[in-house]
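This report refers to the structure that appears directly beneath it.
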Amino acid sequence: MVCCHMSRQITRGPALLVALTIAFRLASPSAFVGFQWRRGASISKMLSENVDRETHEHWKDLVSDPSSWWDNRDTKRSPDAPDFKQKDGDITLWLDSCPDELLDDVPVSTRQRWEDVISNPHDWWDNRETKNNPRAPDFKKKDKDVALWLNTCPDELLEQIDNLPRRVSLRQQQWEDVISNPDDWWDIRENKRNPRAPDLKKKDDSVALWLDTCPDELLDQIDNLPKPVSIRQHWENVISNPDEWWDNREDKRNPRAPDFKKKDDSVALWLGTCPDELLDQIDNLPKPVSIRQHWENVISNPDEWWDNREDKRNPRAP
């Protein structure tokens, strides 16, 4: 009777739950105990489901934006410490709470990456010998944006990393090519006007090299390469053999054009590179007939010239 009466008075919500609790307690203590247990179990289940949902969301956040989390897997001293901790909050995660469907997406640990370098060295660029910037990574994954620095390598793996075969750097290959094929390179060591200019340059303009980048073990061989003719020697050759050179001082249309050029087109010289002690001798060389003088000669001696203005078939002909 009490149960029926109460159910008519209170029909829904928390009040109904209270009424039924009172009824069960009055009618049967054993029934009340069973009811209480089931109620507690359902609340625990509900709370557990809420926690699982929150944890799942945290793992999804870590997978989508790993940079916003501290990865402590390789550095934690206590096995009870969390594996991940949110950088701007107090949320912590342990790997054993990661949902199965997200496990494969969890970022690989630094240790696992170093183990991959050891197992699959051909999948990584080894920059130890070639990097110009000391802050650049020592290893970089070829197909992913993953970089590693030696100071992050676990101590117990360092020896295996050191024993990996070091690839010959591109720079070393280029210097070895200078030694093997010197005729393919311009040797500017003796002739460069700008101290910042390269010391050697590939004749196809694809590579420039400075002596301070030469590997120590190749320096002697580079020093022993035959030195090219110096700028001074070229100017001395202009003085002793002027007929082997085009003298463009009076006729060059472009002020940047060379003042002298070897008739076999192998060398060009600018007056600004002439040693001071040779300038007087260069100035005293007989000047070639200028363009103006040739035109004046056409006017004064027209019979000495062929006049092709009316007869030339090619508009580029003189």
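The values are calculated or read from the model by the stated rules, or taken from the named source; none is laboratory data. Keep in mind the model is a prediction, meaning the values are calculated, not measured. Using ideal geometry, Cβ is built from the backbone for each residue, glycine included, and neighbour counts are taken over all protein chains shown. Each accessible area value is taken on the protein alone, full model and side chains, heavy atoms only, with ligands, DNA and RNA left out. Shrake-Rupley method; radii C 1.70, N 1.55, O 1.52, S 1.80 Å.
Inside the stretch 101-151, can you point out the residues that are among the polar types (S, T, N, Q) and within 14 Å of Arg166 (Cβ to Cβ)?
Answer for the stretch 101-151, where residues must be among the polar types (S, T, N, Q) and within 14 Å of Arg166 (Cβ to Cβ): Asn127, Thr130.
Could you check the stretch 215-237 and list, in sequence order, the residues that are touching a helix residue (DSSP H, G or I) at 6+ places or on another chain (Cβ under 6 Å) and not in a helix (DSSP H, G or I)?
Narrowing the stretch 215-237 to residues touching a helix residue (DSSP H, G or I) at 6+ places or on another chain (Cβ under 6 Å): 215, 218, 221, 225, 231, 235.
The answer is Pro215, Leu225.
If only one of Asp205, Asp177, Asp199 is among the charged types (D, E, K, R) and surrounded by fewer than 14 Cβ atoms within 10 Å (Cβ to Cβ), which one is it?
Asp205
Give the stretch 81-96 a look and list any residue that's crowded, with 16+ Cβ neighbours inside 10 Å and outside any loop (DSSP other than H, G, I, E, B), or say none.
Scanning the stretch 81-96 gives Phe84, Lys85, Gln86, Thr92, Leu93.
Kindly indicate the residue of the stretch 238-263 that is over 14 Å from Asn284 (Cα atoms) and in a strand (DSSP E or B) and also most open to solvent (accessible area, probe 1.4 Å) among those meeting that condition.
Per the stated criteria, the residue is Trp246.
Give all pairs with beta carbons closer than 6 Å in which a residue from the stretch 231-243 that is under 9 Å from Leu278 (Cβ atoms) and of a type in the set (A, V, I, L, M) meets a residue that is assigned to a helix (DSSP H, G or I) and at pLDDT 90 or above; count only pairs at least 6 apart in sequence or on separate chains.
As it stands, the answer is Ile239/Gln281, since those pairs meet every condition given.
Taking the stretch 66-80 only, how many residues are surrounded by 10 or more Cβ atoms within 10 Å (Cβ to Cβ) and either over 23 Å from Glu115 (Cα atoms) or touching a residue at least 40 places away in the same chain (Cβ under 8 Å) (or both)?
Of the residues in that region, 3 qualify.
Scanning for something at pLDDT below 85 and buried (at least 16 other Cβ atoms within 10 Å of the Cβ), does the stretch 147-159 turn up at least one residue?
Scanning the stretch 147-159, I find no residue that is at pLDDT below 85 and buried (at least 16 other Cβ atoms within 10 Å of the Cβ), so the answer is no.
For Glu190, indicate whether it is open to solvent by 40 Å² or more (accessible area, probe 1.4 Å), among the charged types (D, E, K, R) and modelled with pLDDT of 90 or more.
Considered against the rule, which asks whether it is open to solvent by 40 Å² or more (accessible area, probe 1.4 Å), among the charged types (D, E, K, R) and modelled with pLDDT of 90 or more, Glu190 comes out as no.
If Ser68 passes every condition in (1) over 23 Å from Asp145 (Cβ atoms); (2) among the hydroxyl-bearing types (Ser, Thr, Tyr); (3) at pLDDT 85 or above but one, which one does it miss?
Result: Ser68 fails condition (1) only.
What tally of residues in the stretch 269-290 results from selecting those that are aliphatic (A, V, I, L, M) and either exposed (fewer than 10 other Cβ atoms within 10 Å of the Cβ) or in a loop (DSSP other than H, G, I, E, B) (or both)?
Of the residues in the stretch 269-290, 2 are aliphatic (A, V, I, L, M) and either exposed (fewer than 10 other Cβ atoms within 10 Å of the Cβ) or in a loop (DSSP other than H, G, I, E, B) (or both).
Name the single residue that is nearest to the chain's Cα centre (by Cα) among those in the stretch 109-167 being β-branched (Val, Ile, Thr) and over 28 Å from Val63 (Cβ atoms).
Across the stretch 109-167, the extreme among qualifying residues is Thr130.
Filter the stretch 110-123 down to residues that are over 17 Å from Asn151 (Cβ atoms) and free of Cβ contacts under 8 Å to residues at least 40 places away in the same chain and give me whichever is surrounded by the fewest Cβ atoms within 10 Å (Cβ to Cβ).
Looking at residues that are over 17 Å from Asn151 (Cβ atoms) and free of Cβ contacts under 8 Å to residues at least 40 places away in the same chain, I get His122.
Restricting to the stretch 98-108, what's the tally of residues that are over 19 Å from Pro154 (Cα atoms) and either under 33 Å from the mean Cα position of the chain (by Cα) or surrounded by 16 or more Cβ atoms within 10 Å (Cβ to Cβ) (or both)?
6
Output the number of the condition that Pro137 fails; it satisfies all remaining conditions of (1) in a helix (DSSP H, G or I); (2) surrounded by 14 or more Cβ atoms within 10 Å (Cβ to Cβ).
So Pro137 meets the others, but not (1).
What are the residues in the stretch 53-65 that are under 13 Å from Pro107 (Cβ atoms) and either loosely packed, with under 13 Cβ neighbours inside 10 Å or basic (Lys, Arg) (or both), if any?
Residues of the stretch 53-65 that are under 13 Å from Pro107 (Cβ atoms), as a first pass: 59, 61-65.
Residues satisfying the conditions are Ser64, Asp65.
Restricting attention to the stretch 142-179, which residues are free of Cβ contacts under 8 Å to residues at least 40 places away in the same chain, of a type outside the set (A, V, I, L, M, F, W, C) and either closer than 17 Å to Asp216 by Cα or in contact with a Phe, Trp or Tyr (Cβ under 7 Å, 6 or more places away or on another chain) (or both)?
Lys142, Gln173, Gln174, Asp177
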